[in-house]
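None of the figures in this text is laboratory data; all of them are computed from the coordinates on show. None of these values were measured; they are calculated from a predicted model. Using ideal geometry, Cβ is built from the backbone for each residue, glycine included, and neighbour counts are taken over all protein chains shown.
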Amino acid sequence: MAAQPCVAQEELKRLLLQQDKSFLVVDVRSSDEFMGEHIPGAINIPVTELERSFELLSNDSFIITVCGKGGGRSAQAADLLKQKGFQSGWLCGGITGWLSFQGYML
C-alpha cells in the first residue's frame, strides 16, 4: 500500500483541463492494455520496465501513475519513483475509474 493517498479523478481532470505542465501521467500497464484505452497525454512505461526508464522522466514534474483499477501496479510504481527521488502519486480507481468518471460505458 502506498504511503500517500491517491490522486483523485477530479484533480487529474482539473490538471488536464488547465493544461497544467507541472505533472506527467505515466500508465504502468502493459503496452497492449495501454493501446486499448488510456488517459489523454499519458505515456506508457510498463511497471516491469520502470527502473530502466528513469531517464525518460523529469524531477521537475509530479508523476501520476495509472494502472487498471488503481492501487496495485500504480501504487507500486509511485512508491518506486519516490524511492528514486521523484515526486509521485497514483490515480484513485485507475483507468477503470477514469473511464467511469468520464461517463464511458464499461
field: For the chain, radius of gyration divided by Kirkwood radius, i.e. Rg to Rh on alpha-carbons
entry: 0.93
query: Taking all pairs of different Cα atoms in region 7-59, averaging 1/r and flipping that mean, what Kirkwood radius in angstroms comes out?
result: 12.1
- prompt: Add -39500 (n - 2.57) for each DSSP H run of 4 or more in the chain, then divide by its residues: what number comes out at 222 nm, to the nearest 500 deg cm²/dmol?
  reply: -9000 deg cm²/dmol
message: If I measure Cβ to Cβ between cysteines in the chain, which ones have no partner under 4.7 Å?
response: 67
- request: For a quick protection proxy, order the peptides 51-61, 8-18 by their average other-Cβ count within 10 Å, most packed first.
  value: 8-18, 51-61
task: Mean Kyte-Doolittle of at least -1.0 plus a Cα span of 27 Å or more along the axis: flag which DSSP H helices in the chain meet both, please.
output: none
task: Before anything else, pin down the relative contact order of the chain: Cα pairs under 8 Å, at least 6 apart, normalised by residue count, whole percent.
output: 32
